[in-house]
1. Within the range 6-34, how many residues are open to solvent by 60 Å² or more (accessible area, probe 1.4 Å) and of a type in the set (Gly, Ala, Ser)?
2. Which helices (runs of 4 or more DSSP H) sit wholly inside the range 1-58 and have at least 2 residues that are touching a strand residue (DSSP E or B) at 6+ places or on another chain (Cβ under 6 Å)?
3. Any residue at all in the range 35-49 that is modelled with pLDDT of 90 or more and loosely packed, with under 12 Cβ neighbours inside 10 Å?
Amino acid sequence: MARQSLLNLGYRVLSACDGEEALRLCEKESPALAILDVVMPKLGGAAVASKLTASFAGMPIIFTSGYLQGSENLAPATANAR
């Protein structure tokens, strides 16, 4: 739903089925923003955020999730993103 909403607003959206694919997509593109699920297959949102901020300093990152579990892992990722 978020992807479609952003597309309807005219944004170019890259979407990945897991954290590893997200990192591969970002190797080929220069994203302006990352919207990550906290709980993703293969590599979770916090780990992806950490790797993205190492490659793209200052990139804004938005975390989203339908789960409460795993949210305790956000503090280290958001600290690195600033």
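1. 4
2. 45-55
3. no
The values are calculated or read from the model by the stated rules, or taken from the named source; none is laboratory data. Source: prediction; values computed, not measured. With ideal geometry, Cβ positions are generated from the backbone for all residues, glycine too; neighbour counts draw on all protein chains shown. Protein only, heavy atoms only, side chains kept; ligands, DNA and RNA dropped before computing areas. Shrake-Rupley method; radii C 1.70, N 1.55, O 1.52, S 1.80 Å.
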